[in-house]
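This report refers to the structure that appears directly beneath it.
Just so it is clear, none of the values below were taken in a lab; they were calculated from the coordinates. Note that the structure is predicted; figures quoted are calculated from it, not measured. Cβ: placed from backbone, ideal geometry, glycine included. Neighbour counts: every protein chain shown.
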Amino acid sequence: MLDTARRDADFAYSRYDPDIGRTVSFRLLDKATDLELLWRWMNQAHVVPQWKMAKPIEEIARYIDTNLADPHQDPYIGLIDGEPMSYWEAYWAKDDILGRHYAAEDKDRGWHMLVGEPAFFGRGVAPAIIRAFTRYLFLDDPATTKVVGEPSVAARRLLRYAPACAFEEQGEIDLPDKRAKLMFCHRDRFTQQFGL
């Protein structure tokens, strides 16, 4: 059924979202398919201030290689109705620098994301894809009871969506590249609000 999460050969996750009337999917990044796409997104004016990755394609290729080889994270492409529109990095918080800023549990997960295609701005898309990726992380490992985040305090738009996605602010922290808000999304609260 379209309204339930499923795994298949192409997608790690795919689910119809009735709030936006579209199907949200995620698949693992494939360097051969996605290098030029990610390079273009990283050089978009709206992405550069947060990601600071406006670099030549060869550097993005090395960045992809590093991420694919890193056992503590996985890179994904987010799609809406089959059209690539976002990039995600799912990580294990305890192995990440973030894990030094709170009492991280073994199965805590976190994510970084960017919406690369401006055509997908607005119309409730951002909260829908945030909820979808958070749901995917809870489904991916039943032992994950918390999804964490550390958006920049300057990422006002993303912070505005947090409560609508069951994320709760825990305070501010200093990371090497930014002053950030520490955010937690607990499985129980997420399930009560949105179901799994």
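Here are the numbers for the structure shown:
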{"read-out": "Of all residues making up the range 142-196, the number that are of a type in the set (Asp, Glu) and under 18 Å from residue 92 (Cβ atoms)", "value": "1"}
{"read-out": "Given (1) in contact (Cβ under 8 Å) with a residue 24 or more places away in the chain; (2) outside any strand (DSSP E or B), index of the condition residue 88 fails", "value": "(2)"}
{"read-out": "Among (1) within 24 Å of residue 154 (Cβ to Cβ); (2) out of contact with any Ser or Thr (no Cβ under 8 Å at 6 or more places or on another chain); (3) of a type in the set (Asp, Glu), the one test that residue 117 misses", "value": "(2)"}
{"read-out": "Positions within the range 64-74 being in contact (Cβ under 8 Å) with a residue 12 or more places away in the chain and outside any loop (DSSP other than H, G, I, E, B), in sequence order", "value": "64, 65, 67, 68, 73, 74"}
{"read-out": "Scope the range 146-172; condition in contact with a strand residue (DSSP E or B) (Cβ under 8 Å, 6 or more places away or on another chain), more than 21 Å from residue 47 (Cβ to Cβ) and surrounded by fewer than 17 Cβ atoms within 10 Å (Cβ to Cβ); matching residues", "value": "168, 169, 170, 171, 172"}
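Listed here are the residues, each with its yes/no results for (1) more than 17 Å from the chain's Cα centre (by Cα); (2) surrounded by 18 or more Cβ atoms within 10 Å (Cβ to Cβ); (3) more than 23 Å from residue 80 (Cα to Cα).
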residue	(1), (2), (3)
10	yes, no, no
13	no, yes, no
26	no, yes, no
46	no, no, no
65	yes, no, yes
